[in-house]
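Enquirer: After the structure tokens below, expect a handful of questions from me.
The values are calculated or read from the model by the stated rules, or taken from the named source; none is laboratory data. Given the structure is predicted, the values throughout are model-derived calculations rather than measurements. Neighbour counts are summed over all protein chains in view; Cβ atoms, including those assigned to glycine, are modelled from backbone coordinates with ideal geometry. Side chains included, ligands, DNA and RNA excluded: accessible areas come from the protein's heavy atoms. Shrake-Rupley method; radii C 1.70, N 1.55, O 1.52, S 1.80 Å.
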Amino acid sequence: MGMGCSSCFGLRVQSQDHFLSDYDQSDDEGGEYDDCERTDMTNGSYGELQSPTKRSEQIILFRIQTGKVCRETPVKETHLVVRSEDDNGNKMVKEYVREFKIGSGSYAKVVLYRSSIDGKRYAIKAFHKSYLLKQQVAPSETAMSDVLREVLIMKMLDHPNIVSLIEVMDDPNTDHFYMVLEYVEGKWAPEGSGASGGLEETTVRKYLRDIVAGLIYLHAHNVVHGDIKPDNLLVTGSGVVKIADFSVSQVFEDENDELRRSPGTPVFTAPECWSGVTYHGKAADTWALGVTLYYMVFGKYPFTGDTMLETYDEIVNNPMIIPGEINSQLKNLLEGILCKVSDIPYPKNNSVLCFISVSNLLFFEFLSYSRSTISINFECYCGTSLGSWRRRAYPSTCMPLQA
């Protein structure tokens, strides 16, 4: 989703555009969008494929029936959409008055609207259903399936570090489909303010705790985000980070989070995702968080190349390099997340992410400070326990922890 910018934490991105973008960008206001290739993110073997959208719908319907949906107030659904203009000639969708376009991509454009009822600003993601239905993303899936899965997943989420879905507008008599989202104003920190060329250490810690809290919530509900990166981590005016864009996310009915292909952004992709065999989605989210942390600290990415093949080689085979001196606790955390172990047989590849669950990150001194117990101060409406973790020393050697 284009709600962020290419330097979301106030840092300059070294040009690697063809490895940092998962969608082609278009400035077209008229609703025609560029084609894009997307890989599926299905679980299991191809012989056992079930539509991810249908699977997500079944899982979420089961959670609704068993009272395991997080939202106390359901997402509003509208099936009669009136497009008009206000007295000043501004375009309107229902009660929402258009202000300006935030961004656009292959499938949608995101526009800032203000509600004429409550006066609040909302980011509205607008699609053309006819276009989505023409875009084949898998043997039995179109881009419309992806959008519907995104809606289904966001309907069940409610957390202070997750961008909220407010309303879905789908009029069967029109070609338009709208997702009304919480607007995150995006007040970025000064670029290069930290000693290492990135953010100040206190800001890095604060942002990271917010992202970890959001990911712990998602993983506790068996949701894999699939595309954690700075562009999808929005910062409010008060400095709260919220995870956005669930367009490639998946929900699972249990702890089995095996996926076959990753549709995420290449430089954030975990080593095992390149192997061509199944990998664990939650672990891949944690790896992408580590790449994002590195970017926050240094203002650049740990593994990049001039070509896709060089980027693959860097991610799979080369060690992470820490440029210069940094806080030893932060260094330990980076080495823990972005650790590659060559002697683990699964998956069958010469490099594999050292599996650290996102909740285990709270054991690291950089996040835990000196407190003896770290708890996620959030009571989920559905009753899912996000848990409390007792701090313990984490070895500097690359050894996996169990959640």
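Enquirer: Can you compute the modelled spin-label distance between Lys331 and Ser130, with each label point 7 Å from Cα toward Cβ, in nm?
Expert: Rounded to a tenth, the inter-label distance reads 6.1 nm.
Enquirer: Arranged from highest to lowest average of other beta-carbon atoms within 10 Å per residue, in what order do the peptides 270-282, 222-234 appear?
Expert: In descending order of packing, they fall as 222-234, 270-282.
Enquirer: I want the local charge near Thr307. Using Cβ-Cβ distances under 12 Å, sum +1 for each Lys or Arg and -1 for each Asp or Glu among the other residues. All intermediate terms of the calculation are to be shown ahead of the outcome.
Expert: On the way: positive: none; negative: Asp306, Glu310, Asp313, Glu314.
Within the 12 Å Cβ shell, the charges total -4.
Enquirer: Next question. Where Lys and Arg each count +1 and Asp and Glu each count -1, what net charge lies around Pro271 among other residues with Cβ under 11 Å from its Cβ?
Expert: -2
Enquirer: Another question, if that's okay. Can you pull the percent of segment 85-171's accessible area that's carbon plus sulfur, 1.4 Å probe, other chains left in place?
Expert: Of all accessible area on segment 85-171, carbon and sulfur atoms account for 50 percent.
Enquirer: Then there's this: Tell me the label-point distance for the pair Asn173, Cys380, using the 7 Å Cα-to-Cβ offset, in nm and rounded to one decimal.
Expert: Reported label-point gap for Asn173 and Cys380 is 4.1 nm.
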